[in-house]
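A short write-up of the structure that comes next.
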Amino acid sequence: MKGELRKSEGMKYDILIAGVGGQGVVLASRMLALAAMKAGFRVSTAETIGMSQREGSVSSHIRIGEEISGSLIPAGKADLLIGLEPSETVRNLPFLKKGGKIIVNSHSIPPASKPPESPEYDPAALLSFLKTHVPGLLCLDFTQLAEDAGTYRAANVAMLGAAAATGMLPFSKEIILAVLETEIPEKHRTVNRTAFEEAIEKIKLISGHLNGEQKVNSNV
Amino acid sequence: MTEKKLLMGNEAIALGAIEAGVQVVTGYPGTPSTEALETVARYADRCGIYTEWSSNEKVALETAAGAAYSGAKSLVTMKQVGLNVASDPLMSLTYIGVKGSLVLLVADDPGPHSSQTEQDTRVFGHFANIPVLDPATPQEAYELTKLAFDLSHEFEVPVILRTTTRVSHSCGDVEVAAPEPAAVEASCEGFTKDRRWTIFPRLTAERHPWLENLQAQLSERFSGLPYNSISGSGKIGIISSGVSALYVKEAIKGFEELFTLFRIGTVHPFPEKAALSFLKGIEKLIVVEELDPYLEEQVLQLIGKAHLPVDVYGKKNGFFPVSGEYNVDIVIDCINRVLSDLGINSCISHASPAVLREELPPLPVRAPTLCAGCMHRTVFYAFKQAAKQLKKDTQVETIFSGDIGCYTLGNAYPLNMVDTCLCMGAGVSIAGGLFRTNPEVKQVAFIGDSTFFHSGIPAVINAVYNGADITLAVLDNRTTAMTGQQPHPGIGVTALGNHSKAIDIASVIRSCGLDFVKTVETGRLASCVEVAKEAMEFKGPSAVVFKGKCVGIAKSGTRFAIDSESCTGCGFCIKQLGCPAIFLPAGEDRPLIQDNCSGCGLCAQVCPSGAIRESGVKK
């Protein structure tokens, strides 16, 4: 994995962020894209904007690398799946490559109304499906963590903190923090910074291997 | 000094236009085109660019045309269906031509993600004899915007910059000429009286040959442009344009020696000369394009004209899907189908996912829905109740016609309040037609505030003029909500944030001649039901303007909560309203209200046991 991410070797890193309209998927995607550019990579993203944003399933594709590709990640190509919601994470699993990484927010958002044909939503069952199929997945209630930091709305930024802390991103957490300073409006900045840093602390506690084997090359 | 910026395709187009010296920008919001005009508006003051949200796309194009007649550089932005509205002026404008320059940004939506149709603007360009440029990335969008202005000026024709969702709504690193856009040269020649500006049968007859000859000139010019490029030297040719070309490049990775790729950035008029030189030595040709088989038809025609021995694989012989959005995986499958047909042993393999789609457990359906606290929900529910009462009292059924906007989502379970929806402004006229053929049924037409100004007014006039007994329900949430809260003529604010005269919808309707026009706030359900019923019982066309505020722009109130003591678990709130703030936790029998509650209180007004109350928690 280390070699794959080194710039000189045609680095390519595909990240998919999945969630529900209103969870801040687009902002998280923009922050990752800006961080990638700061780290010297080219980037291309695809976002869900429009009708589906109204409480529907949304996802952002972020393609980072040396050369530009179409903005949609092909099936089985994503290196990292950041799932802001359990069922949306499972929905996007076919994009994740074999051996790809997942960070999932365990906080579930039940659909607005259950049309008669919709299956029951059992978040616990879906989380355990994820755990069975993706060894080493990182699962935490990031919404609670963000709420404790000041607002549940900062769960997206908290998850970026967690991703950076576990070395799942091809750039350092300092780069994302710098992006946070410029991208988040001043009145929300402190709470987002707190959520970001709380997430890093929490991950340190639960994941022993910080700076260990999962760490990807961030010396860019 | 160039600089790299992260830009959405639409932002890149705006910066390209500013750099090209655009002076007048008009448009009507429509996904996925909206951000282009919004971006120009952000720089408008600093750069001295006149920018407006027009009342509809036809008005926008005509306004831009007037500016271009005076020598100004103009840009008009719209989504693909907006071009249908603007097609009347556009079809004539091609004969008249322009003096300054006029570029139309038209955003197509393969999928579709947020549209009524999957129409292909490349084909529209062909129909209207207008050059069409088709970028694949935000960077290309930026560059082709500048090219569009140059071409429009040089050839004195309007030029279409056609994007798709994956270009307009894709973000990428774009190398722009300057870190911040500079002020635009403000002057233009001004209008000079000349018979060329007045369309007339004789003028049209004179101009038509010019317009047809222009196609050949443009095709010649396009053949020499770097935006049409050939790569590779394989035996099998591939022609592609827009974002599909990127899917092709990724799909054939590792198999490049088999193919020669011809990427076309200037799709109409088809660059025949460049295509002919690409076709030299090619006997098998694959055409990869989303939506219509535009390139395929062009190339088939060329092959026929030049008597070339080339077999073409595309949509027309079933090798590629005729509809929907493409992606790398679809392109791999289709190319493999061609390879197998050609008896070639290679097969491009897909990446292997952690979990196959077929292996996924059943997942909850999560369709888009009206926001928590949306005033439309209250109005739909009020009409549902009013219609129920009407049926009980008089056995009269009701048909509900909807329109385009967030309130199209009133079609979803459990509201089910949209029986017809066609295009902008159509609900009112369709209700009129339904009245002619179902006179015993009550006709209600819902229309949003921005849609009312866009194209609802002629339909209201027609209902009065021809005596259609319909009830018009205007959903006035004080914004163009679906596209991201743009102002409209009823707000009193322009695209630049300047103050303007707010046009009162109820007064417009009254002046159209309706005798029943009432206005009601949406905060109290009971008043909404009462007024809805009164309007439905009125003999002759009637209208109610429902006034509320889109939750996207309103200050949130106090959250509501369900008192578990008094809640009987009847589920009425969930089954009736479908509000995304109320849900039943798995295995529980009492619903809960989530933190996205915006405090509209509709649920508290319908709860049969009075168990829903203000929580005191500010959102």
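The values are calculated or read from the model by the stated rules, or taken from the named source; none is laboratory data. All of these numbers come straight from a predicted model, not from anything done at the bench. Here the Cβ is made from the backbone with ideal geometry for all residues, glycine too, and neighbour counts use every protein chain on show. Just the protein is used for accessible areas: all its heavy atoms, side chains included, with ligands, DNA and RNA removed. Shrake-Rupley method; radii C 1.70, N 1.55, O 1.52, S 1.80 Å.
A few notes on this one:
- In segment A:164-181, residue least open to solvent (accessible area, probe 1.4 Å) [restricted to those that are without any contact (Cβ under 8 Å) to a residue 24 or more places away in the chain and of a type outside the set (A, V, I, L, M)]: A:Glu181
- Checked against (1) touching a Leu at 6+ places or on another chain (Cβ under 8 Å); (2) open to solvent by 20 Å² or more (accessible area, probe 1.4 Å); (3) away from chain A (no Cβ under 13 Å), B:Phe319 passes all but a single condition, namely (1).
- Set side by side, the residues B:Ile404, B:Ile399 differ, and just one is farther than 29 Å from A:Ser57 by Cβ, open to solvent by 30 Å² or more (accessible area, probe 1.4 Å), under 29 Å from the mean Cα position of the chain (by Cα) and not assigned by TED's automatic domain parsing to the domain that holds B:Gly599, which is B:Ile399.
- The sole residue among B:Phe446, B:Phe453, B:Phe435, B:Phe383 that is modelled with pLDDT of 95 or more, of a type in the set (Phe, Trp, Tyr) and over 29 Å from the mean Cα position of the chain (by Cα) is B:Phe435.
Quick grid of which residues meet (1) under 33 Å from the mean Cα position of the chain (by Cα); (2) assigned by TED's automatic domain parsing to the domain that holds B:Glu118; (3) buried (at least 17 other Cβ atoms within 10 Å of the Cβ):
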| site | (1), (2), (3) |
| --- | --- |
| B:Ala186 | yes, yes, no |
| B:Arg202 | no, yes, no |
| B:Pro209 | no, yes, no |
| B:Tyr247 | yes, no, yes |
| B:Ile252 | yes, no, yes |
| B:Glu257 | no, no, no |
| B:Thr266 | yes, no, yes |
| B:Lys284 | no, no, yes |
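- Matching residues, segment A:118-159, being hydrophobic (A, V, I, L, M, F, W, C), more than 13 Å from the chain's Cα centre (by Cα) and either within 26 Å of B:Leu584 (Cα to Cα) or within 10 Å of another protein chain (Cβ to nearest Cβ) (or both): A:Ala124, A:Ala125, A:Leu126, A:Leu127, A:Phe129, A:Leu130, A:Val134, A:Leu145, A:Ala146
- Output for segment B:230-269, where each listed residue is out of contact with any helix residue (DSSP H, G or I) (no Cβ under 9 Å at 6 or more places or on another chain) and of a type in the set (Gly, Ala, Ser): B:Ala245, B:Gly254
- Boolean, B:Cys570 is among the hydrophobic types (A, V, I, L, M, F, W, C), surrounded by fewer than 18 Cβ atoms within 10 Å (Cβ to Cβ) and outside any strand (DSSP E or B): yes
- Helices (runs of 4 or more DSSP H) contained in segment B:73-189 and holding at least 3 residues of a type in the set (Asp, Glu): B:138-155
- When residues of segment B:302-316 are limited to those that are in a loop (DSSP other than H, G, I, E, B) and out of contact with any Lys or Arg (no Cβ under 8 Å at 6 or more places or on another chain), the one surrounded by the most Cβ atoms within 10 Å (Cβ to Cβ): B:Gly314
- Restricting attention to segment A:71-99, the residues that are buried (at least 22 other Cβ atoms within 10 Å of the Cβ) and facing chain B (nearest Cβ under 8 Å) total 10.
- Within the option set B:Val508, B:Val493, B:Val544, being on the phi < 0 side of the Ramachandran plot, out of contact with any His (no Cβ under 7 Å at 6 or more places or on another chain) and open to solvent by 10 Å² or more (accessible area, probe 1.4 Å) holds for one residue only, B:Val508.
- Within segment B:134-157, tally of residues that are away from every other protein chain (no Cβ under 14 Å) and within 18 Å of B:Glu19 (Cα to Cα): 11
Every residue, every condition in (1) among the β-branched types (Val, Ile, Thr); (2) in contact with a helix residue (DSSP H, G or I) (Cβ under 6 Å, 6 or more places away or on another chain), yes or no:
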| site | (1), (2) |
| --- | --- |
| A:Val58 | yes, yes |
| A:Ile62 | yes, yes |
| A:Gly70 | no, yes |
| A:Ile73 | yes, yes |
| A:Gly76 | no, no |
| A:Leu81 | no, no |
| A:Ser87 | no, yes |
| A:Val90 | yes, yes |
| A:Leu96 | no, no |
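Conditions (1) in contact with a Pro (Cβ under 7 Å, 6 or more places away or on another chain); (2) under 30 Å from B:Tyr326 (Cα atoms), marked per residue:
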| site | (1), (2) |
| --- | --- |
| B:His153 | no, no |
| B:His169 | yes, yes |
| B:Val174 | yes, yes |
| B:Phe191 | no, no |
| B:Asp194 | no, no |
| B:Ser219 | yes, yes |
| B:Ser223 | yes, yes |
| B:Ser229 | no, yes |
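- Complete set of residues in segment B:331-349 that are in contact (Cβ under 8 Å) with a residue 24 or more places away in the chain, hydrophobic (A, V, I, L, M, F, W, C) and either open to solvent by 40 Å² or more (accessible area, probe 1.4 Å) or outside any helix (DSSP H, G or I) (or both): B:Leu342, B:Ile344, B:Ile348
- Listed conditions (1) within 14 Å of chain A (Cβ to nearest Cβ); (2) at pLDDT 95 or above; (3) farther than 30 Å from B:Pro414 by Cβ; (4) touching a Leu at 6+ places or on another chain (Cβ under 7 Å) are all met by B:Val331, apart from (4).
- Residues in segment A:154-167 include none that are at pLDDT below 95, part of a loop (DSSP other than H, G, I, E, B), in contact with a Lys or Arg (Cβ under 8 Å, 6 or more places away or on another chain) and of a type in the set (A, V, I, L, M).
- Single condition B:Leu409 does not satisfy, out of (1) at pLDDT 95 or above; (2) in a helix (DSSP H, G or I): (1)
- Strands (runs of 3 or more DSSP E) lying entirely in segment B:468-557 (those with 2 or more residues that are aliphatic (A, V, I, L, M), touching a residue at least 40 places away in the same chain (Cβ under 8 Å) and farther than 24 Å from B:Thr26 by Cβ): B:470-476, B:542-547
- Segment B:447-467: number of residues that are not in a helix (DSSP H, G or I) and not small (Gly, Ala, Ser): 2
- Selected residue (criterion: surrounded by the most Cβ atoms within 10 Å (Cβ to Cβ)) from residues of segment A:100-110 that are in contact (Cβ under 8 Å) with a residue 40 or more places away in the chain and more than 8 Å from every other protein chain (Cβ to nearest Cβ): A:Asn105
- Selection within segment B:80-130 - under 11 Å from B:Val159 (Cα atoms) and of a type in the set (S, T, N, Q): B:Thr94, B:Ser101, B:Asn129
- A Cβ distance below 9 Å, combined with a sequence gap of six or more or placement on separate chains, defines the contacts here; from segment B:227-238, residues that are under 11 Å from B:Glu283 (Cα atoms) reach residues that are of a type in the set (Gly, Ala, Ser) and in a loop (DSSP other than H, G, I, E, B) in the pairs B:Lys235/B:Gly281; B:Gly237/B:Gly281.
- Residue among A:Leu81, A:Leu72 that is on the phi < 0 side of the Ramachandran plot and out of contact with any His (no Cβ under 8 Å at 6 or more places or on another chain): A:Leu81
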